[in-house]
Amino acid sequence: MSHHQPPPYPPQMPGPPYGYAPPWAPEVSARYRRWAGVLRWLAIIIGAFVVVALVASVVLLVMADRDERNAAYGYLALVLWAGILVTTPVLLAVGLSAAAMTRRVRAAAAANRYPTVT
């Protein structure tokens, strides 16, 4: 027979307390959803401008190479490339922010925090 007195409470099992549920995702405001959409479309527009500038620069280089009297087109193509290089970090910043915000908005929508996602 044991000489230890039983504890006055039942032994606790290791782990989370009874009835534990993971915390809900914080609610996403309408303003946050709107800015997620604005940033998403801004990234799409900037990306389209970068593609157009890249195609235009190639066309300008072909025109400059075709005739030596049109050599200024080559310099214009270099200016477009500089614009692309300057715009690329902006595109990355806007695009990554838009992706993170859109993912958060869709996660909140999946949790039925609000009715629709655009």
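The values are calculated or read from the model by the stated rules, or taken from the named source; none is laboratory data. Everything numeric in this text was worked out from a predicted model, so none of it was measured. With ideal geometry, Cβ positions are generated from the backbone for all residues, glycine too; neighbour counts draw on all protein chains shown. In case anyone asks, the SASA skips ligands and DNA or RNA and just uses the protein heavy atoms, side chains included. Shrake-Rupley method; radii C 1.70, N 1.55, O 1.52, S 1.80 Å.
Observations, loosely collected:
- ILE44, ILE84, reordered so the largest accessible area comes first (probe 1.4 Å): ILE44, ILE84
- The Cα-based radius of gyration of segment 29-118, divided by its Kirkwood radius, gives an Rg/Rh of 1.27.
- In the full protein context, segment 44-102 carries 68 Å² of accessible surface per residue, based on a 1.4 Å probe and ignoring ligands, DNA and RNA.
- Modelled spin-label separation between ALA93 and VAL79, with each label point placed 7 Å from Cα along the Cα-to-Cβ direction: 2.4 nm.
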